[in-house]
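K.L.:
Structure incoming, see below.
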Amino acid sequence: MLRLLLVQFGLDQDRLELAWISAGEAEKFSTTINGFIDRIIELGPSPYRLEGKSVKEAVSV
Amino acid sequence: MSEKIKIAIAQGATCSGCDIAILDLDVDLLKLFEVADLTFAPILTDIKFKDVEAMKDGEITLTLYHGAVRNTENEYVAKLLRKKSKILIAYGACAAFGGIPGLANVTTRENIMNTVYEDTASTVNPEHVRPQTKYVTPEGHKLELPELFEEVKTLDDVVDVDYIIGACPPTREMNVQLLQVILDFVSGKGELPPKGMILACERTLCEECPREKPEKVYVDEIKSVDYTELDPEKCFLEQGILCFGPATRGGCDSKCINVNMPCRGCMGPTAAVMDHGASMLSAFSSIMKISGTETEIPEEEIAEFMKKLRDPLGTLYRFTLPKSLLKRVVKEQK
């Protein structure tokens, strides 16, 4: 539901991830986090961070 | 007999439901006018902006400002009345949290202009004519229209606000309470409440809801009021309906619940909450009954289940979008 909401706000749905990892699954933890970081870097800064630019510029992303 | 205090009712981006709510005091208004003179009140009196400009700072004892701040005129009125008033109250959900006009933050000013002046089915505007905010007529008259802001703001985004009264509109009982505070203050019997106070319960609506609260609530299927027959006795959450009660302040006498409609959150969030919609989202999703253990729930099943909540943004932020953490939508819709 949070994902649906964030998409409505204009954020790409890949910016939200939920993973269930126990303290003993170290490798899964680092792969998940690194994969997520790569995805986010690809997506670029959040449209909400484009402060200083006019809203119009931010919206045309 | 001591001199009457001056009061005013100012408008922002409003539907004027709050003006009607004040008038619904009907006979009790006589008590008000025994101690107060209504000065600026566009819907009731003919006093102009220049008359208010001519008043001394703080000459008006109390102003109720209703409506959101959506254009330059709304902001001008807010700043003018703040200057001329001792006490300024953000009256109604729009002034307090943004209200329904606040939902315009899902779009942009340009989209709004395009829709209004071109895209609607009955509009013919091949030359893309737009209204001008400044125009000098051939005879030399200067005409002005307010400029629309890029986003909707609340009253306390533009001026210092003394008190807040939420609800859409404030109920008669809330108005009677407000009236009593005014009367007590004028007669010297009572003091003003501490600044920043909101006229509402500290607790949520669930406390005062007359319906029986079940031990456990599980939502089998999310339902919507427009296609569900509503049971007048059961808790709405039990019926799968998203009722804003758990996340919203009480103090409105559960008026909506009493006519078999779920709460929509117009009294705003409790003090402990930063974001009204997120608070309700959290409460509602915590009672979802989805099969399987936490690690096994198939993504598709969850998606199907959640789809039944049409328009999460509009439902969760119906009255409080400008006060939410994200405040507005960033990408263009469609």
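The values are calculated or read from the model by the stated rules, or taken from the named source; none is laboratory data. These numbers were taken from a predicted model, which means no experiment stands behind them. Virtual Cβ from ideal backbone geometry, glycine too; neighbours counted across all protein chains shown. Keep in mind that these areas ignore ligands, DNA and RNA; they rest on the heavy atoms of the full protein, side chains included. Shrake-Rupley method; radii C 1.70, N 1.55, O 1.52, S 1.80 Å.
K.L.:
Has the range B:274-282 got any residue that is charged (D, E, K, R) and open to solvent by less than 70 Å² (accessible area, probe 1.4 Å)?
P.N.:
yes
K.L.:
Determine which single condition residue B:107 fails, assuming it passes every other condition in (1) buried (at least 17 other Cβ atoms within 10 Å of the Cβ); (2) closer than 30 Å to residue B:63 by Cβ.
P.N.:
Exception for residue B:107: condition (2).
K.L.:
Another question about this same structure. I'm trying to understand the selection: among the residues of the range B:308-332, which are on the phi < 0 side of the Ramachandran plot, more than 8 Å from chain A (Cβ to nearest Cβ) and open to solvent by 50 Å² or more (accessible area, probe 1.4 Å)?
P.N.:
Passing the criteria: B:308, B:310, B:318, B:323, B:325.
K.L.:
Another question about this same structure. Being in contact (Cβ under 8 Å) with a residue 12 or more places away in the chain, surrounded by fewer than 15 Cβ atoms within 10 Å (Cβ to Cβ) and under 30 Å from residue B:256 (Cα atoms) narrows it down to one residue among B:151, B:173; which is it?
P.N.:
Answer to the selection: B:173.
K.L.:
Okay, next question. Need pairs with beta-carbon distance below 9 Å; first residue within 16 Å of residue B:83 (Cα to Cα) and within the range B:42-56, second part of a helix (DSSP H, G or I) and among the hydrophobic types (A, V, I, L, M, F, W, C); sequence gap 6+ or separate chains.
P.N.:
What qualifies is B:49/B:77; B:49/B:80; B:52/B:77; B:52/B:80; B:52/B:81; B:53/B:80.
K.L.:
When you scan the range B:186-210, how many residues do you find that are outside any loop (DSSP other than H, G, I, E, B) and either in contact with a strand residue (DSSP E or B) (Cβ under 9 Å, 6 or more places away or on another chain) or within 19 Å of residue B:268 (Cα to Cα) (or both)?
P.N.:
Residues in the range B:186-210 being outside any loop (DSSP other than H, G, I, E, B) and either in contact with a strand residue (DSSP E or B) (Cβ under 9 Å, 6 or more places away or on another chain) or within 19 Å of residue B:268 (Cα to Cα) (or both): 6 in total.
K.L.:
List, please: which pairs have Cβ atoms under 7 Å, are six or more places apart or on different chains, and start with a residue in the range A:16-28 that is under 17 Å from residue A:38 (Cβ atoms) and end with one that is assigned to a loop (DSSP other than H, G, I, E, B) and open to solvent by less than 80 Å² (accessible area, probe 1.4 Å)?
P.N.:
Between residues of the range A:16-28 that are under 17 Å from residue A:38 (Cβ atoms) and residues that are assigned to a loop (DSSP other than H, G, I, E, B) and open to solvent by less than 80 Å² (accessible area, probe 1.4 Å), the close pairs are A:28/A:21.
K.L.:
Return the only residue of B:76, B:65, B:91 being surrounded by fewer than 20 Cβ atoms within 10 Å (Cβ to Cβ), at pLDDT 95 or above and not β-branched (Val, Ile, Thr). Even if it seems obvious, please write down each step before you answer.
P.N.:
Working: B:65 fails: surrounded by fewer than 20 Cβ atoms within 10 Å (Cβ to Cβ); B:91 fails: surrounded by fewer than 20 Cβ atoms within 10 Å (Cβ to Cβ).
Criteria check complete, one pass: B:76.
K.L.:
Conditions first: (1) within 14 Å of chain A (Cβ to nearest Cβ); (2) on the phi > 0 side of the Ramachandran plot; (3) surrounded by 20 or more Cβ atoms within 10 Å (Cβ to Cβ). Residue B:268 passes all but one, so which condition is the exception?
P.N.:
Residue B:268 satisfies all of (1) within 14 Å of chain A (Cβ to nearest Cβ); (2) on the phi > 0 side of the Ramachandran plot; (3) surrounded by 20 or more Cβ atoms within 10 Å (Cβ to Cβ) except (1).
K.L.:
Is there a residue in the range B:10-19 that is open to solvent by 30 Å² or more (accessible area, probe 1.4 Å) and more than 14 Å from the chain's Cα centre (by Cα)?
P.N.:
no
K.L.:
Right, another one. Being away from chain A (no Cβ under 14 Å) and acidic (Asp, Glu): is that true of residue B:233 here? Steps first, please.
P.N.:
Working: away from chain A (no Cβ under 14 Å): yes; acidic (Asp, Glu): yes.
Taking the combined requirement at face value, the residue satisfies it.
K.L.:
Let me ask you something else. Test residue B:201 against the stated conditions and say whether it is within 23 Å of residue B:318 (Cα to Cα) and buried (at least 19 other Cβ atoms within 10 Å of the Cβ). Before you say what the answer is, go through the steps one by one.
P.N.:
Working: within 23 Å of residue B:318 (Cα to Cα): yes; buried (at least 19 other Cβ atoms within 10 Å of the Cβ): no.
No.
K.L.:
A further question on this structure: Quick one: would you say residue B:86 is surrounded by fewer than 18 Cβ atoms within 10 Å (Cβ to Cβ), in contact (Cβ under 8 Å) with a residue 12 or more places away in the chain and outside any loop (DSSP other than H, G, I, E, B)?
P.N.:
The answer is yes for residue B:86.
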